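Trainee: Got a structure for you, questions after.
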Amino acid sequence: MSYLTDALNKIKQLPQINISQLFTAFLLVYIASTMANITWLVLPSGVNDAQSINSGVASPTDLDLTLTATVAQDVSGKGTVVIDSKGIEGTYGIDDKIDLTFAIVKQVFFDRVIIQNGRKREMLMLDGVAYDNKNVASPITTLEVLR
């Protein structure tokens, strides 16, 4: 019991103003950090579609999706895709949300589609086509193959 009494007496001797200021500073830093995280969730990342694709930012997706068909209009990345999502096949255009996911179609190429999955750009390859690290969904590569 004397240990508890001694501990309480030592706590009473601490300068309360310093503890209050320390707690306030910690709380302000925590609130600022939380607000920054919310801001980055709401605002776009600032990387446009062409930059993200040509710089190799689009990585293969881990979503349970199968790209069964693409109709790419030209090398601009516009077109339509047929995607199987957990047994449900649907047709999607640019900026369409893929059923049963939070992913959005962003660009269509002849052998792949670029999707926005949260804040990440991901690539879904046409069923049966292997992902190629040297050839990360470049519109120039698409044009060369079509010629």
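Read-outs: derived from the displayed coordinates by stated rules, not from any lab. Since the model is a prediction, treat every value here as computed from it, not as a measurement. Virtual Cβ from ideal backbone geometry, glycine too; neighbours counted across all protein chains shown.
Trainee: Hey, can you grab everything whose amide H is under 5 Å from the amide H of Ala69? Only 5+ residues off in sequence or another chain; H modelled, so Pro and N-termini drop out.
Mentor: For Ala69, the qualifying residues are Val82.
Trainee: Sort 24-32, 109-117 for me by packing, meaning the mean count of neighbouring Cβ atoms within 10 Å per residue, highest on top. Intermediate results must be reported in sequence, preceding the final value.
Mentor: Numbers: 24-32: 10.0, 109-117: 22.7.
Descending packing order for the listed peptides: 109-117, 24-32.
Trainee: Let me ask something additional. Rg/Rh for segment 2-42: what does it come to with C-alpha atoms and Rh from Kirkwood?
Mentor: 1.35
Trainee: Convert each backbone phi in segment 26-39 into a coupling constant with the Karplus relation 6.51 cos²θ - 1.76 cosθ + 1.60 (shift: θ = phi - 60°), then list the ³J(HN,Hα) values in order as whole Hz, x for Gly and Pro.
Mentor: Listing the rounded values in order: 4, 5, 5, 5, 4, 5, 4, 5, 5, 5, 5, 4, 5, 4 Hz.
Trainee: Now a separate question. Quick check: convex hull over the Cα atoms of segment 94-135, volume per residue in Å³, rounded to an integer?
Mentor: So the per-residue Cα hull volume is 78 Å³.
Trainee: In addition: Could you pull out every one of the lysines with an alpha carbon less than 21 Å from that of Lys97, ignoring same-chain neighbours closer than 8 positions?
Mentor: Here the lysines satisfying the reach criterion relative to Lys97 are Lys78, Lys86, Lys106, Lys120.
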